[in-house]
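Asker: This is the structure, below, for whatever I ask next.
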Amino acid sequence: MPDLGNLSERRQPLECRVALVSADRKLAGDWVDALNATAAQHENPYGLYFEATGVGAVEKLLLEEDNLQALIVDGGSSPDQLAAAEELVDRLHALRAQLNVFLVAQASSADAQGCTISVSVRQRFDELFDRREGNFNQMFRLVQAFIARRASTPFADTLKEYVFSARDAWHTPGHSGGDSLRNSPWVGDFYRFMGEHVFNTDLSVSVQVLDSLLEPHSVIQEAQDLAAQTFGARHTFFLTNGTSTANKVVIQQILGGGGKIIVDQACHKSVHHAIVMNRCEPVYLKSVLHPEFGIYGPVKREDIEQAVDEHGDARLLVITSCTYDGLRYDLKPIIDYAHERGVKVLVDEAWYAHGYFHPELRPTALECGADYVTQSTHKMLSAFSQASMIHVQDPDFDEFRFRENLNMHASTSPQYAMIASLDVARKQMAMEGYACLKRCLQMVETLRREVDATGVFRALTREDLIPEPLAGDNIRLDPTKVTIDISASGYSGKEMQIKLFDQYGIQVEKTTYNTVSVLVTLGSTESKLLRLIHAFKQLARHPRKRPQAGTPRRLPEFTRLTCLPADAYFADTEELPLMDNGVTATKNLIGRTSADEIVPYPPGIPVLVPGQEISAQIVQFLQQLLQGQTATEIHGLIYRSDEPMLRVVKEDGKKSPNKK
């Protein structure tokens with residue numbers, strides 16, 4: 001019998017391949033032999049192994065060799081050879097930006113006088129080696145040091161070391177490492193269920209060795225600097241209360257105290273909340289509905305550019321890319337257009353933190369020039385829920401003011417395990433992000449093929465999902481978000497969601513009236529994929545005879561803002577019935593100003609925002625959503641004795657100082 005006692009602690013030995021790229025076969029062979037001999041004589045915890053490859057074969061190597069971690073590029077002995085090496089590295093960066101890259105060249109090839117290596121060369125490479133020196137011990141140590149730096153988790157390691165040092169806690173939190181629960185006859189079961197480390201990693205700012213998220217100077221700052229390098233930003237900030245807070249912080253940074261903001265009406269509700277909190281004047285852009293599937297996609301590029309032109313005093317453009325359904329803007333022309341007119345750009349990439357780590361998913365918002373990018377690291381990567389990042393490359397960035405804005409929203413008691421999970425998730429993407437996403441994309445291909453093979457279900461393609469008005473906007477699809485058309489099954493999206501959960505133990509991400517959507521993430525496994533495919537095959541054997549009922553509900557037209565959203569939200573208000581026999585409610589509500597954001601789910605797009613005039617079309621739409629057995633969940637309504645009410649601004653518009 002094999003010993004399974006320590007199976008959970010076992011792991012495969014690390015292997016880091018390093019490719020020496022050179023057109024000089026003799027030099028490459030000699031150097032690789034010398035470097036591998038050096039590696040055999042030294043401690044080699046990362047398993048560095050050196051191999052030679054030609055210039056023509058290196059791109060193929062990058063795409064096929066998952067364990068490749070670094071490149072040593074031969075820049076030759078002439079300026080032309082060095083320029084060619086720089087061009088090669090730029091092409092390779094577009095394939096796998098996380099690899100460490102080193103240059104081997106002669107100083108005389110960098111400039112005509114042979115005095116210094118140019119700034120452009122130093123920016124492209126992690127370190128430089130002179131071709132004539134041949135100090136292989138130093139080269140090995142430097143390559144290993146750079147890989148070790150990328151593989152480090154400064155905060156997570158410090159947290160683990162502190163926990164294992166077993167200090168007595170005479171500080172917050174009150175459970176004191178779980179001691180308040182461990183031996184309790186009433187709540188000890190919760191301690192055992194959650195596990196020891198959930199509690200002993202839950203510490204406080206009293207532990208100074210763990211740094212401060214609100215004013216980082218050591219291990220948290222180191223972790224954030226590594227994240228900026230990994231994701232391609234100038235600055236990166238960790239958040240433990242989600243991308244909702246990230247969006248609010250950025251909007252406050254640009255528009256704190258007021259100003260005009262151009263924003264997709266279908267943006268996340270945190271953006272709408274920030275508009276109220278900062279007394280912004282919004283210019284709403286209309287999302288495009290796909291009429292067949294009830295999915296709201298991006299805004300037409302023409303509409304974005306028109307809004308930027310018409311509102312020259314706007315200071316910020318907010319775009320969501322990718323959307324919940326995986327639709328991505330062609331961002332660069334939009335961002336360039338905004339920047340030419342002096343408008344900053346925030347891209348909400350909550351659903352796209354993985355995009356930088358595979359060439360099929362690039363370019364990302366940062367690569368396209370966005371000033372601020374917010375990401376939910378927890379959505380697609382390996383961080384805990386609520387763990388998010390803000391990436392910054394605004395050339396006018398005021399870091400001191402930004403940190404103050406961040407601290408206004410952040411908790412002074414952050415969850416340290418959450419910070420550690422950001423550190424670890426970053427490391428994973430830096431070291432194996434390409435390999436993980438390569439596997440995800442292979443699983444996507446299998447899932448799509450097998451779903452289509454059922455003959456009943458169909459995995460929707462990019463062409464299926466893009467409505468006609470967006471056909472010329474070069475919209476792209478994140479393949480890890482798989483939307484499945486279930487129309488031919490006879491079931492609604494909600495019914496299919498319930499059947500998958502009750503009969504097969506599968507929870508999907510979202511539904512529309514005739515689709516279900518699943519996410520293929522880093523945590524997807526072949527066994528989960530097998531069970532999902534099996535479920536669809538089984539369900540395809542017994543479709544309903546009757547056709548599926550239901551059609552997508554088109555959101556009513558946006559009316560107009562009668563005042564700033566903040567003025568409406570904080571005004572003196574009254575509550576009016578929404579139903580009230582239909583006709584009476586409609587008559588009383590038409591023309592009034594909404595004080596709240598009213599959002600039906602799905603699709604999660606506001607029908608009303610604070611300050612918006614209520615129309616008969618809007619009232620009737622909301623009434624229809626609340627009628628029948630398949631009533632839609634609507635956020636923002638007030639219920640009095642089970643009767644839905646709308647909060648509206650009082651006719652006199654005066655604000656009561658004592659009423660919020």
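The values are calculated or read from the model by the stated rules, or taken from the named source; none is laboratory data. The structure displayed is predicted, hence computed values, not measured ones. Cβ coordinates were reconstructed from backbone atoms using ideal geometry, including for glycine residues, and neighbour counts include every protein chain displayed. Ligands, DNA and RNA are excluded from the accessible area calculation, which covers all protein heavy atoms including side chains. Shrake-Rupley method; radii C 1.70, N 1.55, O 1.52, S 1.80 Å.
Asker: Kindly list the number of the only condition in (1) modelled with pLDDT of 85 or more; (2) in a loop (DSSP other than H, G, I, E, B) that fails for S656.
Answerer: (1)
Asker: From (1) in contact with a strand residue (DSSP E or B) (Cβ under 7 Å, 6 or more places away or on another chain); (2) open to solvent by less than 10 Å² (accessible area, probe 1.4 Å), pick out the condition that doesn't hold for F357.
Answerer: Of (1) in contact with a strand residue (DSSP E or B) (Cβ under 7 Å, 6 or more places away or on another chain); (2) open to solvent by less than 10 Å² (accessible area, probe 1.4 Å), only one is false for F357: (1).
Asker: Separate question: Which of the residues that make up the stretch 224-243 are in contact with a strand residue (DSSP E or B) (Cβ under 7 Å, 6 or more places away or on another chain) and touching a residue at least 24 places away in the same chain (Cβ under 8 Å)?
Answerer: The answer is A227, A228, F231, A233, R234, H235, T236, F237, F238, L239, G242, T243.
Asker: What number of residues within the stretch 389-406 satisfy the criterion of being open to solvent by 40 Å² or more (accessible area, probe 1.4 Å) and in a helix (DSSP H, G or I)?
Answerer: The total comes to 4.
Asker: Regarding the stretch 218-240, can at least one residue be identified that is touching a helix residue (DSSP H, G or I) at 6+ places or on another chain (Cβ under 7 Å), within 24 Å of S413 (Cα to Cα), of a type in the set (D, E) and open to solvent by 10 Å² or more (accessible area, probe 1.4 Å)?
Answerer: Checked against the condition, which is being touching a helix residue (DSSP H, G or I) at 6+ places or on another chain (Cβ under 7 Å), within 24 Å of S413 (Cα to Cα), of a type in the set (D, E) and open to solvent by 10 Å² or more (accessible area, probe 1.4 Å), the stretch 218-240 yields at least one hit.
Asker: Would you check if D652 is open to solvent by 20 Å² or more (accessible area, probe 1.4 Å) and touching a residue at least 40 places away in the same chain (Cβ under 8 Å)?
Answerer: Yes, satisfied.
Asker: How about the stretch 250-285: which of its residues are part of a loop (DSSP other than H, G, I, E, B), touching a Leu at 6+ places or on another chain (Cβ under 9 Å) and surrounded by fewer than 22 Cβ atoms within 10 Å (Cβ to Cβ)?
Answerer: G258, Q265, N278, R279
Asker: In the stretch 339-349, which residues are open to solvent by less than 10 Å² (accessible area, probe 1.4 Å) and in a loop (DSSP other than H, G, I, E, B)?
Answerer: Once the filter is applied, which keeps residues that are open to solvent by less than 10 Å² (accessible area, probe 1.4 Å) and in a loop (DSSP other than H, G, I, E, B), the stretch 339-349 yields V343, E349.
Asker: Do we have any residue at all in the stretch 78-100 that's part of a strand (DSSP E or B) and at pLDDT 90 or above? Let's see the steps before the verdict.
Answerer: Step one: list which residues in the stretch 78-100 are part of a strand (DSSP E or B), which gives 100.
Next, from what is left, pick out any that are at pLDDT 90 or above: 100.
Scanning the stretch 78-100 turns up at least one residue that is part of a strand (DSSP E or B) and at pLDDT 90 or above.
Asker: Condition first: under 21 Å from S413 (Cβ atoms) and either of a type in the set (D, E, K, R) or part of a loop (DSSP other than H, G, I, E, B) (or both). Now tell me which residues in the stretch 172-186 satisfy that.
Answerer: T172, P173, G174, H175, S176, G177, G178, D179
Asker: Something else now. Counting just the residues of the stretch 1-22 that are aliphatic (A, V, I, L, M) and open to solvent by 90 Å² or more (accessible area, probe 1.4 Å), which one comes out modelled with the highest pLDDT?
Answerer: My answer is L14.
Asker: Please state which of the following conditions A169 fails to meet, knowing it meets all the rest: (1) assigned to a helix (DSSP H, G or I); (2) open to solvent by less than 60 Å² (accessible area, probe 1.4 Å); (3) farther than 20 Å from H409 by Cα.
Answerer: (1)
Asker: So D325 passes all but one of these: (1) without any contact (Cβ under 8 Å) to a residue 12 or more places away in the chain; (2) under 26 Å from V516 (Cα atoms). Which condition number does it fail?
Answerer: All conditions pass for D325, except number (1).
Asker: Moving to a separate point now. Can you spot a residue in the stretch 454-474 that is assigned to a helix (DSSP H, G or I), free of Cβ contacts under 8 Å to residues at least 24 places away in the same chain and not charged (D, E, K, R)?
Answerer: No, the stretch 454-474 contains no residue that is assigned to a helix (DSSP H, G or I), free of Cβ contacts under 8 Å to residues at least 24 places away in the same chain and not charged (D, E, K, R).
Asker: Among the numbered criteria (1) farther than 20 Å from E557 by Cα; (2) in contact with a Pro (Cβ under 8 Å, 6 or more places away or on another chain); (3) touching a residue at least 60 places away in the same chain (Cβ under 8 Å), which one does L331 miss?
Answerer: (3)
Asker: Okay, moving on. Say whether the condition of being in contact with a helix residue (DSSP H, G or I) (Cβ under 6 Å, 6 or more places away or on another chain) and closer than 29 Å to V18 by Cβ is met by at least one residue in the stretch 174-190.
Answerer: Scanning the stretch 174-190 turns up no residue that is in contact with a helix residue (DSSP H, G or I) (Cβ under 6 Å, 6 or more places away or on another chain) and closer than 29 Å to V18 by Cβ.
Asker: How many residues does the stretch 116-165 contain that are surrounded by fewer than 16 Cβ atoms within 10 Å (Cβ to Cβ), modelled with pLDDT of 80 or more and assigned to a loop (DSSP other than H, G, I, E, B)?
Answerer: Selection size over the stretch 116-165: 2.
Residue-wise test of (1) among the β-branched types (V, I, T); (2) open to solvent by 20 Å² or more (accessible area, probe 1.4 Å); (3) farther than 30 Å from I484 by Cα.
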{"position": "K379", "(1), (2), (3)": "no, yes, no"}
{"position": "A387", "(1), (2), (3)": "no, no, no"}
{"position": "P414", "(1), (2), (3)": "no, no, yes"}
{"position": "I419", "(1), (2), (3)": "yes, no, yes"}
{"position": "M429", "(1), (2), (3)": "no, no, no"}
{"position": "Y434", "(1), (2), (3)": "no, no, no"}
{"position": "R448", "(1), (2), (3)": "no, yes, no"}
{"position": "L460", "(1), (2), (3)": "no, no, no"}
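Asker: Go through the residues of the stretch 619-632 one by one and say whether even a single one is buried (at least 21 other Cβ atoms within 10 Å of the Cβ), touching a helix residue (DSSP H, G or I) at 6+ places or on another chain (Cβ under 8 Å) and in contact (Cβ under 8 Å) with a residue 12 or more places away in the chain.
Answerer: yes
Asker: Moving to a separate point now. Just wondering, is there one or more residues in the stretch 402-411 that are touching a residue at least 40 places away in the same chain (Cβ under 8 Å) and under 26 Å from F199 (Cβ atoms)?
Answerer: Yes, that holds for at least one residue.
Asker: Considering each residue of the stretch 511-543, count those that are open to solvent by 30 Å² or more (accessible area, probe 1.4 Å), under 30 Å from Q428 (Cα atoms), outside any helix (DSSP H, G or I) and not polar (S, T, N, Q), and give that number.
Answerer: Counting residues in the stretch 511-543 that are open to solvent by 30 Å² or more (accessible area, probe 1.4 Å), under 30 Å from Q428 (Cα atoms), outside any helix (DSSP H, G or I) and not polar (S, T, N, Q) gives 2.
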